[in-house]
Amino acid sequence: MAHQWRGVIREYAERLPVTEATTVITLGEGGTPLVHAQKLSELTGSQVYLKVEGMNPTGSFKDRGMTMAMTAAVEAGAKAVVCASTGNTSASAAAYATAAGLKCAVLVPEGKISMGKLSQAIAHGATLLQVDGNFDNCLDIARKLGESYPVFLVNSVNPARIQGQKTGAFEVVDSLGDAPDIHVLPVGNAGNISAYWKGYKEYSAPYESATAGTLPAVSTKTPAMWGFQAAGAAPFVAGHPITEPDTIATAIRIGNPASWDTAIAARDESGGLIEAVTDEEILDAHRWLSSKEGVFVEPGSAAGVAGLIKKHAAGEVPTGKTIVITVTGHGLKDPQWALRTADGSEVQPVKVPNDVVTVATELGLDAR
Ligand code: F0G
């Protein structure tokens, strides 16, 4: 009988801080497809795979961490949770808080989150406040609320979030049979690059499980972690926080990443890199994914692909390797970017009369 995926906590319980007694808050997250990217593989001469995180319950990778954070919130007896967000964390927090029966407040930068994400938080009944400031300002306030008020912080500064998100690395190894040579992903607040690196490290050595004794190593190696930021919001490339981050990829419009030290460690310990891609390169990669691979992502999610294409053009991508790119969120989150052509003009669907001959002519079809 086909196995029904049980969500990341139950699938990886022995490698997470939970016990049999834990009340698990889940919407069935994880178990996302690892899709072979045919055209990127042809381009680079390596085997390139996409970890399609838009297939999670709320359409982004945030659900992996949120199942753990909300489980921890319930365990701590919290009545309300709070987060700052560029959109996806708020959508995920709102949904999982609903599943947990908790109140949820979300702080988002005014005018800088996509309509899809905004509507998710509202639909799930969160109290949404648009802050006159950027994500970094929102996170500042959320942290202070968590410290001084009776609300539980579910941003990735909460270690439970990173624990949940590390399962992305486990799934990649479980699918491929070993770790890839390179793992590529977008970097914003830097929780995800930290989480993947933690997951890869834990899978490559014997693991002391709190509930299941010593588990053997699953992979023989760890990948080089390649992170890509939007050029207008690239503090790791600058080497210091950016006060006015700017990019069309609103998901990663972040100037002062919370997981700074762990992201630097992921880059350096793995022999990896964190570099920048322009908004134009991000939109080109966004178009590449939808039109050549059949995978629709939001712009921020295309930053990793943009980075790989850029590195390939510079002759810096090795051939004959296995490369995994996490594409972090679904294209339907922010669909407006698909309705623009490469030169920036708006796509206008062709209107036709209710008539088969005209439709056939418009499609360039001759009658049989
Ligand atoms: N991709 C998407 C679609 C995101 O929403 C985010 C972060 C990232 C990549 C970057 O991941 O922060 O772990 O480095 N979004 C957060 C949010 C900040 O509030 O939804 P990161």
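The values are calculated or read from the model by the stated rules, or taken from the named source; none is laboratory data. As the structure is a prediction and not an experimental result, all values here were calculated from the model. Note: ideal-geometry Cβ built from the backbone for every residue, glycine included; neighbour counts use all protein chains shown.
Just a few scattered comments:
- Meets criteria (in contact with a strand residue (DSSP E or B) (Cβ under 6 Å, 6 or more places away or on another chain) and modelled with pLDDT of 95 or more) for Val173: no
- Some residue of the range 64-77 being within 13 Å of the ligand (Cβ to nearest atom), under 18 Å from the mean Cα position of the chain (by Cα) and more than 12 Å from Arg161 (Cβ to Cβ): no
- Residue that is out of contact with any helix residue (DSSP H, G or I) (no Cβ under 6 Å at 6 or more places or on another chain), among the aliphatic types (A, V, I, L, M) and at pLDDT below 95, where the choices are Ala2, Ala105: Ala2
- Only residues that are in contact with a Phe, Trp or Tyr (Cβ under 8 Å, 6 or more places away or on another chain), hydroxyl-bearing (Ser, Thr, Tyr) and assigned to a helix (DSSP H, G or I) were counted in the range 263-312, giving 1.
- Test for Ala303: is it within 14 Å of Pro186 (Cα to Cα) and within 12 Å of the ligand (Cβ to nearest atom): yes
- Identity of the residue in the range 37-84, free of Cβ contacts under 8 Å to residues at least 60 places away in the same chain and assigned to a loop (DSSP other than H, G, I, E, B), that ends up nearest to Pro17 (Cα to Cα): Gly77
- Complete set of residues in the range 1-55 that are out of contact with any strand residue (DSSP E or B) (no Cβ under 7 Å at 6 or more places or on another chain), aromatic (Phe, Trp, Tyr) and crowded, with 16+ Cβ neighbours inside 10 Å: Tyr12
- Here Asp174 meets each of (1) over 30 Å from Pro216 (Cα atoms); (2) touching a residue at least 24 places away in the same chain (Cβ under 8 Å); (3) surrounded by fewer than 23 Cβ atoms within 10 Å (Cβ to Cβ); (4) not aromatic (Phe, Trp, Tyr) with one exception, condition (1).
- Qualifying residue in the range 308-323 (condition: within 18 Å of the chain's Cα centre (by Cα) and at pLDDT 95 or above): yes
Residues are listed down the side, and each one gets a yes or a no for (1) polar (S, T, N, Q); (2) within 26 Å of Gly31 (Cα to Cα); (3) more than 11 Å from the ligand (Cβ to nearest atom):
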{"site": "Gly87", "(1), (2), (3)": "no, yes, no"}
{"site": "Thr98", "(1), (2), (3)": "yes, yes, yes"}
{"site": "Asp132", "(1), (2), (3)": "no, no, yes"}
{"site": "Asn137", "(1), (2), (3)": "yes, no, yes"}
{"site": "Glu147", "(1), (2), (3)": "no, no, yes"}
{"site": "Gln163", "(1), (2), (3)": "yes, yes, yes"}
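- Summed over the range 185-229, residues that are more than 15 Å from the ligand (Cβ to nearest atom) and either touching a Ser or Thr at 6+ places or on another chain (Cβ under 9 Å) or more than 28 Å from Gly300 (Cβ to Cβ) (or both) total 24.
- Single match in Thr250, Thr222 (criterion: polar (S, T, N, Q), surrounded by 21 or more Cβ atoms within 10 Å (Cβ to Cβ) and closer than 15 Å to Thr86 by Cβ): Thr250
- Near pairs, Cβ below 8 angstrom, 6+ apart or cross-chain, from the range 257-283 (more than 21 Å from Thr222 (Cα to Cα) and more than 14 Å from the ligand (Cβ to nearest atom)) to any residue that is in a strand (DSSP E or B) and among the basic types (Lys, Arg): Leu283/Arg340
- Scan of the range 284-300 for residues that are of a type in the set (D, E, K, R), away from the ligand (no atom under 13 Å from the Cβ) and surrounded by 20 or more Cβ atoms within 10 Å (Cβ to Cβ), ordered by number: Glu293
- Applying the set (1) in contact (Cβ under 8 Å) with a residue 24 or more places away in the chain; (2) on the phi > 0 side of the Ramachandran plot to Ser290 leaves exactly one unmet item: (2).
- Check on Thr58, closer than 20 Å to Gln4 by Cα, buried (at least 24 other Cβ atoms within 10 Å of the Cβ) and out of contact with any strand residue (DSSP E or B) (no Cβ under 8 Å at 6 or more places or on another chain): yes
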